[in-house]
Structures are given as C-alpha cells and as structure tokens.
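The values are calculated or read from the model by the stated rules, or taken from the named source; none is laboratory data. A quick note: this is a predicted structure, and the numbers were derived from the prediction, not measured. Cβ: placed from backbone, ideal geometry, glycine included. Neighbour counts: every protein chain shown. All accessible areas refer to the heavy atoms of the entire protein, side chains included, with ligands and DNA or RNA removed. Shrake-Rupley method; radii C 1.70, N 1.55, O 1.52, S 1.80 Å.
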Amino acid sequence: MSNNLFETPIEFLKGVGPKRGELLRKELDIHIYRDLIHFFPNRYIDKTYYYKINQLQETNSEVQIIGRLINFKTVEQKHGKRLVAIFADETSQMELVWFRGLKWIKDGLKTNQAYVIYGKVSQYGNLFNMAHPEIELLSEHKASLRSAMQAVYPSTETLNNKGFTSKGFNKLMQQLFIESENLIKENLPLYLIDELKLISKKSALFNIHFPKSQELLNKAQFRLKFEELFFIQLQLITKNLIRKHKIKGHLFEIIGDNFNNFYNDHLPFELTNAQKRVIKEIRNDMGNNAQMNRLLQGDVGSGKTIVALISMLIAKDNGFQSCLMAPTEILANQHFIGLSELAKDLNINIQILTGSSKAKERKLVHDSLENGTLDILIGTHAILEDKVQFQNLGLAIIDEQHRFGVEQRSKLWKKNKIPPHVLVMTATPIPRTLAMSLYGDLDISVIDELPPGRKPIKTVHLYDNNRLKVWKFIRDEIHKGRQIYIVYPLIQESEKMDYKDLMDGYESISRDFPLPDYSISILHGQMKPADKDQEMRRFAAGKTNIMVATTVIEVGVNVPNASVMIIESAERFGLSQLHQLRGRVGRGAEQSYCILMTSHKLSKDSIVRMETMISTDDGFEIAEVDLKLRGPGDIMGKQQSGVLNLQIADLVRDKDILQLARQYAVKLLKEDAPMEKPEHAMLRKAFIELNKKKNIWNYIS
C-alpha cells in the first residue's frame, strides 16, 4: 500500500476525531490509517442465524434477534439507575437492560422501529433479558459491509467505555474501506502469488475484517501470515548478507602454534563429531574477510567451553585478544577456572574482571589489556565499562546472551575500530522456529551430541508426602561419597518469601542431616559475592555434602561429584529452568538423579512440564514444549520479547508457514539480493518502507 492516504493521521478518519484519535494512539499504538487496517480481529462470531424469542434458553451463549422496541423506563436502584426496554418479536417479549451511558443510549433509540439485537441472554422468572446488547437498525444492518462471520477485535476497558467496542471498530473499518479500498496495492511478486495460490492483498485485508465465508477467511489469514513472516525473513537474511559484505572483519588466516599445540597435545578428551563440525564452521567464518556473527547452541554439558577456547587460540595465533562475557559472577568464575585449567600447559595469559574485582587487580587487567600482554579476558558486565580498553580485540564471546540487552552488546562492538568477530553461546536450546525469527540474521551452529561416557540422568517426580523416602535416598548417596543439590524456587516479586522458603528448608535439612556426620552449604542471591564464592568452593572441594540453594546455581556450576539434584516446588519452575538445573548433575562417571518434588495440586501445564522432564532429556524437544506452553515473549525474557511483536502470525501455530516464508526469502535473495529485477519492484518499495528505522543495532543480533 503505497498511497499517501494510508499515512493520514487516524483522527482524520470519519468517526474518530482528535480525542478518540489520542485514545487509539495511547491504548493500541494506532497512529495512521495503515495501523488501523492492520489491526486484526482476534476471533470471529458466526452471525448467520436469527433466533425467535420463544426459542431462547438460558444456555444460549450469544444470540441475534430481530424485533421492535415497545417502550423504555428508567428504574431507580440502590446504586444509581438502570434503563429497561421491552423488546418484542411476533412470538414473545423480553427485556433489554443498560446500567451505563443511559442518556446517550436512550437518546439514540426509537420505539416501533425494527432492530437487530445481539448479546448474552439471562432469565428472571418467566422473562428473558439481555444486558447491554449490541443494537442497530435492521435497515443499517442489511446495508452494512458486515458479513456472516463477524470480527471481534481486542479492546481494553478504557476503549470499551468510549464506544470502541467490536461494533465500534467494525464501523471504523467500514469507513476506512469505503475511503481506501481501491488504493490497496499488491506488495508481493506476482510469480510468488501464483506459485503459492495466494489471494490478493486487497482481498486478504477485506476478508480478514469482513469474511464472506470460512474458506475466504482461511485464505486471508494464510496470505497475511505468510507476508508478515516473509518480510521478517527478508529483513534478517538481508542483514546477514549486508554484514558479510559491508562489515569487514579481522582476517584470521593463520592456524598457528597455540591452536596446533593444544589440539594435538593437550586436548583432555577426544572431541565429538559435533564439536569438530562447529570448530570448522567457526574457522571458516574467521578465515573470511567478513565479520563472524554466529550463535552456538549446545545443551548443558555438550562441551561449548572447549570450542570457545579453541576459537580464542585462533585469535591469539593471529595476534589478537579475546574476551568472554558471562551474565553472573559465578558463571564468569566457572569459565575462568575451566579455561585456566584447559590452558595450563600453554603460554596464554588469562585474567578475570567482575564487579567484585579489587582496585589493584583491575589496574593490572586494564594495563595488560592496553599493552597487549593479556590474551583472554573473562568477565561479567564489568567488561563493558568505558575504562576497559583492549589493544586489539579480535573475538568477543557472549555466554547465555539472552540475559544481555542489545545496548550492552553494542558497547562490545565499540571497543575496536573494526568490530570483533562475535560468537554467542547458549545452553538454553532455542526451538528452531524461534531461532529462525529471533536469530535469523545469525549463522547457527549446534552441538547436538554429548561427550561419550555420560550416563543419562534418571528423573523422577515425587509428591511432598514421599519426603522420608527421599531423605533416606540422600543418606545412601552421601555414604557412597556423592554430593547433593537441593534447590528452592526464586520468584522475583517476593525475594523475602523465597528467602523464608530457603531458610525454612535449610533449618529442617540441618535437623535431619546434623553435624558432624553431614555438612551443608547454602547459596542465595542476597549473599555477598565473596561469600557465594566461599560456599561454592567448599562444595566443589567436597567439604560439604549438601548444597541448599536458590536458582543462582542454574547456570555454569560444575561439580562432577554431585550426583543428585532435588528441585523443591518444581511446579513453580519453567521447563527450561528445570532442564538447566538438571544439567548441574551427571557431569561425572557415576549414575545421577533428578528428583522433582511437588505438591498434589498441579495445574495442567505443571503436569505437562513434569511429564516432559521424565520422558526426555533432549533440550531441543523440551524447548519446543516450553514454546507451546509459554509463547515466544516469555522464553526470550523481557529484553527480547518486543522483537516478536507479530500482528497476525504465531510462531508456535504457524511454524510451517514460517519455514515456507524463509525458504522463499532465501531463494529470492540468492537470485536477486538487491531486489532490482522489474518483477521485484513492488516488493523492494514495501521492503524499503519497513527498513527505514535503521541503526547499528540492526546489525547486532
């Protein structure tokens, strides 16, 4: 739609005006005509049938009746007044009742005129009544654009009170179509429309608001969903192509001593085929002149850390520094310990920088970064501070990146004149559909096999009344020399409550597992970083048998001797969190266990979560179930959820359409990336419109 009419501010549409226009802007983000025509219904009502009053039953949910208004009266009641009208057809009479807007309604209605009413029916004594019915003159009802399948629009209480009901939106849409119907232009190439048998843009928009039949409604929905997802994919893939052509990266041509020395002589174990494949993909990216922007997905314990180290050794061989940024101090420390251990026989300088690094340590890090003697910096958000300046940052690795905002990531880019290669790692498996939408501009690598020798973790779901059995099992495992995690939920709204849960749990566990036979560690978010580290070290060194914690141990804690994970109130956790927590055990050669403890009162979703955890340990399968249960916004967290502000498509239900859209977008851009062929002229125009809001963040996935 290219005509300027669609850019008209919404208040100029007949029936809107300045006050109502302001309301539409504030409540629904509808600023111009184009926004309104793309404000889609969220359901439809079949209005093909007209009831007679003598056919009514209390069970009828919503009905439509033709009749006449006989009289009105205003009735005083305890709080205010109500307006009551008698409505009749040839079979009987009923009452219509209004509690709000009485004067406005009374002034608009006439007796002895034919009306169509619509609404929910109730029965008092022998008389049926309908409260706040939709009501319109039969003559207007017949003349309107309205179809048998009637659109219902999402609204808010504020809008309803100002007349923006479904009926109100229906009227506005009619007015909009009267003014603009012949100006709706096609924006997809004609060969694509033919190939996919799509209906026209004009027909799709008309039938989404005024469907002539269920079949046309289905076609309209398919066309508009495909278009929305197709343009998103065009945008993401184009961004990827532009980055590869325009944004020059450091050329890492040398595979030198550091890489070869480590790969040939110091690998602690044989790499899996998946790890080898991913390392090859990363080598190819960094050996090109374009900047790497790759997402590395790998389930808990799949060996992403060693891939990160090997990538950083390639940077070192080419004379560049690397950094690895993690969302928490615990995880940063874990990486620091793990990487230092792996690289202990190499001549590599690795340091750590976090919020609790002392001034003396900071100065040392700052100086050695700037003079180039520091090869690898591990850290938290502290790396982003302006004071932290690299001599030549060539590779930036971001772990669990969904915990960092785009703004924070862009700061890393600015640490160098030429942006560093970027490797984003996550142990939260992202369903394919979500990865194609959120990270469609990133190249994706997946480590989809675990190192050999790992035994699957046995997962069971037990109710609270089995606690004695569980405690006996813990004692048996401790006597075998194993260690235990017991995790309590963390609900942000109520840290006090969580703390109480944790402390109550800690006290009862201390009573049941007393000193000197047993020793217990405790870990929670309100502790000082130094105290957290102290407790983690004691547990890792085997000085304590049981670690009682909140979800601060969800990511990155690695104690091979811990073989049991008990999750209290497991119904209060999301699926991906449960999976992450389970991944804290099963890191040694012994059989490991995960016990999900819940109350007997479980919602349907909670039952699905427990069953999923018992039936599979495949992170990608779990992520798909999680996506179905929670939707995309929740999974990506607050910082990312706005990215998927889809108007009509749904990533879970429409994943087939998404794959189709991506397939066609890839094909089109391979053949005509600039969209310069004559048959792509309309598409190019629409694409440029969408892409006007462009800045550096567009390139940072």
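Tabulated data
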read-out: Pairwise FRET efficiency - N4 versus K103, Cβ, R0 = 45 Å, nearest 0.05; value: 0.65
read-out: Extension gain (nm, one decimal) between D367 and K276, 0.36 nm per residue minus Cα-Cα; value: 29.2 nm
read-out: Spin-label pair E95/T616, simplified geometry with 7 Å Cα→Cβ offset, distance in nm; value: 5.6 nm
read-out: Other-chain or far-sequence residues with amide H under 5 Å of V564's (modelled H); value: Q483, Y485, Y593
read-out: Label-point gap, in nm, between R68 and D512 - each point 7 angstrom along Cα→Cβ; value: 7.8 nm
read-out: Model label zone, K685; criterion: amide N under 15 Å from point 7 Å along Cα-to-beta-carbon; scope segment 185-228; value: 185-190, 201-202
read-out: Y33 - accessible surface, heavy atoms, 1.4 Å probe, Å² rounded to 10; value: 10 Å²
read-out: Distance (nanometres) between label positions extended 7 Å along Cα→Cβ at D35 and Q57; value: 4.6 nm
read-out: Helix-only mean residue ellipticity at 222 nm for the chain, each DSSP H run of n ≥ 4 adding -39500 (n - 2.57), per residue, nearest 500; value: -12000 deg cm²/dmol
read-out: Per-selection Rg to Rh, the chain - Cα, Kirkwood hydrodynamic radius; value: 1.06
read-out: ³J(HN,Hα) computed for each position of segment 686-692 - Karplus, 6.51 cos²θ - 1.76 cosθ + 1.60, integer Hz, glycine/proline x; value: 5, 5, 5, 4, 5, 8, 4
read-out: For segment 648-665, 3J(HN,Hα) per residue [Karplus equation, 6.51 cos²θ - 1.76 cosθ + 1.60, θ = phi - 60°, Hz, x = Gly/Pro]; value: 9, 6, 10, 5, 7, 6, 10, 5, 5, 5, 4, 5, 4, 5, 5, 4, 5, 5
read-out: Pairwise FRET efficiency - K469 versus R25, Cβ, R0 = 56 Å, nearest 0.05; value: 0.40
read-out: Lysines with Cα under 18 Å of K604, excluding same-chain neighbours fewer than 8 positions away; value: K628
read-out: Accessible-area ranking of T380, T156, largest first, probe 1.4 Å; value: T156, T380
read-out: Loop sites in segment 176-276: trypsin sites (Lys or Arg not before Pro), DSSP, at most 16 other Cβ within 10 Å; value: K185, K197, K212
read-out: Accessible area of the chain belonging to carbon and sulfur atoms, whole % at 1.4 Å probe; value: 51 percent
read-out: Segment 559-567 - phi-based ³J(HN,Hα) in whole Hz, Karplus 6.51/-1.76/1.60, Gly and Pro as x; value: 10, x, 7, 7, 10, 10, 10, 10, 10
read-out: Relative contact order for the chain, counting Cα pairs under 8 Å that sit 6 or more residues apart, in percent; value: 13 percent
read-out: Theoretical gain in end-to-end length, K185 to Q591 [0.36 nm per residue, Cα-Cα removed]; value: 139.8 nm
read-out: Residue pairs, from the table K47/K219; K244/K414; K73/K162; K202/K655; K225/K276, whose Cα atoms sit over 27 Å apart; value: K225/K276
read-out: Net charge contributed by nearby residues that have their C-beta within less than 13 Å of L342 (K/R +1, D/E -1); value: -1
read-out: Long-range amide H partners of N288 with built H, under 5 Å; value: F252
